Amino acid sequence: MNRYSAFGLLRGALNGQKHWQPAWRDPEPKAHYDIVIIGGGGHGLATAYYLAKVHGLKNIAVLEKGWIGGGNTGRNTTIVRSNYRQKPLHDLFEFGLKLWHNLSDELNYNVMFSPRGAMFLGHSDADMVKLAERGDAMRCDGIDADLMTRDEVAKLEPLLDMSRSARFPIEGGLIQRRGGTARHDAVAWGYARGADSFGVDIIQKCEVTGFVRDGDAVVGVETTRGRIGAGRVGICVAGHSGHVAGLAGLKLPVESQTLQAMVTEGVKPMINSVIMSQSLHCYISQSDKGGIVFGGDPDNWPSYAQRGHPMVMEGAIAQGLALVPALSRLRMVRTWSGVTDMSFDGAPIIGETPVRNLYLNGGWCYGGFKATPASGWTYAHTLATGSPHALNAPFALERFMRGATIDETGTGPMPNSR
Amino acid sequence: MMLINCPHCGPRAQSEFVYERTVDSVAPAGASNDEAMQILFTRSNPRGVDDEIWRHTFGCRAWMVVTRHRVTNEISQVRAVGPEALP
Ligand SMILES: Cc1cc2nc3c(=O)[nH]c(=O)nc-3n(C[C@H](O)[C@H](O)[C@H](O)COP(=O)(O)OP(=O)(O)OC[C@H]3O[C@@H](n4cnc5c(N)ncnc54)[C@H](O)[C@@H]3O)c2cc1C
Ligand SMILES: [Zn+2]
């Protein structure tokens with residue numbers, strides 16, 4: 001791999017930047033791989049990277065039906081944080097957050113991780129009690145969390161409507177200062193370049209359309225580019241988990257829903273942190289290009305359409321404008337959506353399936369980007385050794401049938417009421 | 001926004017309706033615990049047509065079964081929910 005550096009850029013300046021190479025190869029699929037990963041999103045690519053780097057495996061392919069990073073990885077609002085309430089989630093997401101802080105160096109690729117602070121607003125006494133509880137739970141597990149007064153919130157985000165007559169009065173907040181945002185595409189590309197440098201075949205425009213079975217085991221996949229044999233197969237397709245697992249005859253505790261996001265024209269810095277809310281269905285941050293990025297709730301009904309409904313968008317924007325009235329002056333330039341894999345406790349699934357040699361990574365709902373490094377790390381361990389890493393052991397598929405769900409909101413198998 | 005043809009009120013904007021859950025997630029009254037768990041906690045979740053339970057919450061408030069394509073959003077059938085409509 002050609003290492004990127006400031007010196008390389010300078011040297012390139014002298015010869016017209018002619019030294020640039022493609023960041024990964026475009027290989028033909030081989031007849032057989034030891035490990036086949038279905039899905040070239042951040043999670044699949046990170047898994048391949050750690051399989052090669054940490055476990056020393058050589059014969060690995062990532063199969064992507066479109067282009068890498070074209071799924072939820074390239075569509076998300078890039079919020080990175082570990083401010084959950086429960087221990088298994090703390091352990092997994094905090095492990096991930098630690099990897100984020102060093103990821104650009106690790107990959108020799110600038111993922112533009114920006115720990116600008118991830119803040120939840122509280123709008124009532126009840127909200128503040130909830131936030132205090134969450135902060136306490138985090139601190140008990142060694143994760144940073146600071147409860148904020150009204151004044152502290154106003155100082156961090158001067159454009160919030162802090163008046164007593166505000167539509168959503170602000171009583172305070174909870175901030176995780178080590179949280180923030182990152183550049184989504186760069187995460188996919190950085191892991192892809194790293195994995196490729198270890199010999200991983202990244203095969204795009206290659207959709208998995210079926211599984212090759214030998215008795216109770218999977219021994220390969222059927223794809224739009226032919227049959228590919230495999231020792232172990234790892235599903236890693238986010239919103240398409242239900243569909244792909246269905247090809248192997250599995251029914252998952254997952255429902256696919258559309259999640260939308262939108263961005264305004266670029267402006268000078270006006271939003272300093274990531275603003276979320278304990279009660280509202282809206283979150284706001286400012287991209288490094290200056291656009292104000294808005295997100296909200298999923299369209300609360302099942303969908304694989306990858307296109308959202310204006311009705312839901314309007315709800316998120318109305319709340320955002322009430323929080324930061326100055327945003328009403330901006331023009332929205334783009335809206336888009338992704339297919340999210342809403343699991344039936346809100347937590348991910350990483351581990352084996354009832355089909356031998358077939359593994360599943362999915363159920364990330366609207367919050368898996370932040371977990372990309374941790375997801376890849378633990379899934380690689382699982383695929384390499386055939387058994388879970390301590391961090392993903394609680395996230396086994398069979399937990400749902402044991403009643404051992406990891407349900408932060410207590411809404412059970414009804415993702416639309418989360 | 002989808003246009004849903006309520007069996008009682010006629011075509012109405014989707015914003016008047018609330019999605020509840022899929023028909024295949026309703027356990028029959030006599031189901032064992034294991035069967036009920038299986039039905040509640042898994043979905044066929046097809047990238048195609050499925051039967052869904054919706055409610056005309058901001059209208060006549062009746063439940064109905066909507067047969068809808070999950071990619072095109074095309075609604076092929078809406079039927080009123082009676083004792084015979086659910087498993
Ligand atoms: C609008 C939006 C906002 C979000 N905001 C946040 C956020 O702020 N913070 C956060 O942490 N998370 C967020 N998320 C969630 C996050 O984006 C996802 O959880 C995460 O990116 C999932 O990564 P992945 O690699 O598993 O999936 P993806 O990036 O979706 O990759 C899966 C890949 O599998 C491919 N695929 C599917 N079927 C097949 C097949 N049959 N054969 C081959 N390939 C196939 C797809 O083409 C896709 O590229 C958001 C999601 C959306 C949609
Ligand atoms: Zn009606």
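The values are calculated or read from the model by the stated rules, or taken from the named source; none is laboratory data. The model shown is predicted, which means the values in this text are computed figures rather than measured ones. Neighbour counts are summed over all protein chains in view; Cβ atoms, including those assigned to glycine, are modelled from backbone coordinates with ideal geometry.
For a quick check of your reading: which strands (runs of 3 or more DSSP E) sit entirely within the range B:19-87 and have at least 3 residues that are charged (D, E, K, R)?
Result: B:49-55.
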For B:GLY30, indicate whether it is surrounded by fewer than 17 Cβ atoms within 10 Å (Cβ to Cβ) and either within 9 Å of another protein chain (Cβ to nearest Cβ) or on the phi > 0 side of the Ramachandran plot (or both). no
Mind checking which residues of the range A:347-367 are surrounded by fewer than 24 Cβ atoms within 10 Å (Cβ to Cβ) and within 21 Å of A:GLN86 (Cα to Cα)? A:ALA347, A:GLY351, A:CYS365, A:TYR366, A:GLY367
All conditions in (1) without any contact (Cβ under 8 Å) to a residue 60 or more places away in the chain; (2) more than 11 Å from chain A (Cβ to nearest Cβ); (3) under 30 Å from A:ALA245 (Cβ atoms); (4) not in a loop (DSSP other than H, G, I, E, B) are true of B:ARG12 except (3)
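Rundown of residues vs (1) within 21 Å of A:THR73 (Cβ to Cβ); (2) more than 16 Å from the chain's Cα centre (by Cα); (3) modelled with pLDDT of 95 or more, yes/no style:
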position: A:GLY346; (1), (2), (3): yes, no, yes
position: A:ILE350; (1), (2), (3): yes, no, yes
position: A:VAL355; (1), (2), (3): no, yes, yes
position: A:THR378; (1), (2), (3): yes, no, yes
position: A:THR382; (1), (2), (3): yes, yes, yes
position: A:SER387; (1), (2), (3): no, yes, yes
Count of residues meeting criterion [more than 10 Å from chain B (Cβ to nearest Cβ), assigned to a loop (DSSP other than H, G, I, E, B) and touching a helix residue (DSSP H, G or I) at 6+ places or on another chain (Cβ under 9 Å)] in the range A:294-316: 2
Can you confirm whether the range A:77-88 contains a residue that is of a type outside the set (Lys, Arg), more than 13 Å from ligand 1 (Cβ to nearest atom) and either within 18 Å of the chain's Cα centre (by Cα) or more than 28 Å from A:SER197 (Cβ to Cβ) (or both)? yes
Give the range A:25-50 a look and list any residue that's in a loop (DSSP other than H, G, I, E, B), within 15 Å of A:ALA188 (Cβ to Cβ) and touching a Ser or Thr at 6+ places or on another chain (Cβ under 8 Å), or say none. A:GLY41
Within the range A:199-212, how many residues turn out to be surrounded by 14 or more Cβ atoms within 10 Å (Cβ to Cβ) and in contact with a strand residue (DSSP E or B) (Cβ under 7 Å, 6 or more places away or on another chain)? 9
Restricting to the range A:24-64, and then to whatever is closer than 19 Å to A:VAL221 by Cα and among the acidic types (Asp, Glu), can you tell me which residue is nearest to ligand 2 (Cβ to nearest atom)? A:GLU64
Heads up, the helices (runs of 4 or more DSSP H) in the range A:108-209 (entirely inside) with at least 3 residues that are touching a residue at least 60 places away in the same chain (Cβ under 8 Å) are A:125-140, A:184-197
Can you pull out every residue in the range A:212-227 that is within 11 Å of ligand 1 (Cβ to nearest atom) and part of a strand (DSSP E or B)? A:VAL221, A:GLU222, A:THR223
Checking A:HIS240 against (1) over 13 Å from A:GLY40 (Cα atoms); (2) in contact (Cβ under 8 Å) with a residue 60 or more places away in the chain, the condition it does not meet: (1)
Leading residue by the ranking (farthest from the other protein chains (Cβ to nearest Cβ)) among those in the range A:339-376 that are among the acidic types (Asp, Glu) and away from ligand 1 (no atom under 12 Å from the Cβ): A:GLU352
Restricting attention to the range A:237-257, does a residue exist that is more than 14 Å from every other protein chain (Cβ to nearest Cβ) and either more than 20 Å from A:PRO29 (Cβ to Cβ) or hydrophobic (A, V, I, L, M, F, W, C) (or both)? no
Of the residues that make up the range A:260-281, is at least one within 14 Å of chain B (Cβ to nearest Cβ) and assigned to a loop (DSSP other than H, G, I, E, B)? no
Pairing a residue in the range B:55-69 that is within 14 Å of chain A (Cβ to nearest Cβ) and over 10 Å from B:VAL18 (Cα atoms) with any residue that is in a loop (DSSP other than H, G, I, E, B) and near ligand 2 (Cβ under 10 Å from one of its atoms), where Cβ atoms lie under 9 Å and the two sit 6 or more apart in sequence or on different chains, gives B:MET64/B:PRO7; B:MET64/B:HIS8; B:MET64/B:PHE17; B:MET64/B:HIS56; B:VAL66/B:PHE17
Among (1) within 16 Å of ligand 2 (Cβ to nearest atom); (2) within 14 Å of the chain's Cα centre (by Cα); (3) within 13 Å of another protein chain (Cβ to nearest Cβ), B:ALA80 falls short only on (3)
Any hit, the range A:232-241, residues being in contact with a His (Cβ under 7 Å, 6 or more places away or on another chain) and modelled with pLDDT of 95 or more: yes
With A:THR378, A:THR409, A:THR340 as the choices, which residue is hydroxyl-bearing (Ser, Thr, Tyr) and surrounded by fewer than 23 Cβ atoms within 10 Å (Cβ to Cβ)? A:THR409
Qualifying positions in the range A:51-90 - charged (D, E, K, R) and assigned to a loop (DSSP other than H, G, I, E, B): A:LYS58, A:GLU64, A:LYS65, A:ARG75, A:ARG81, A:ARG85
Might you let me know whether the range A:390-399 holds any residue that is within 12 Å of chain B (Cβ to nearest Cβ) and assigned to a helix (DSSP H, G or I)? yes
Only one of these conditions is not met by A:GLY249: (1) in the same structural domain as A:ALA322 (by TED's automatic domain parsing); (2) part of a loop (DSSP other than H, G, I, E, B). Which number is it? (1)
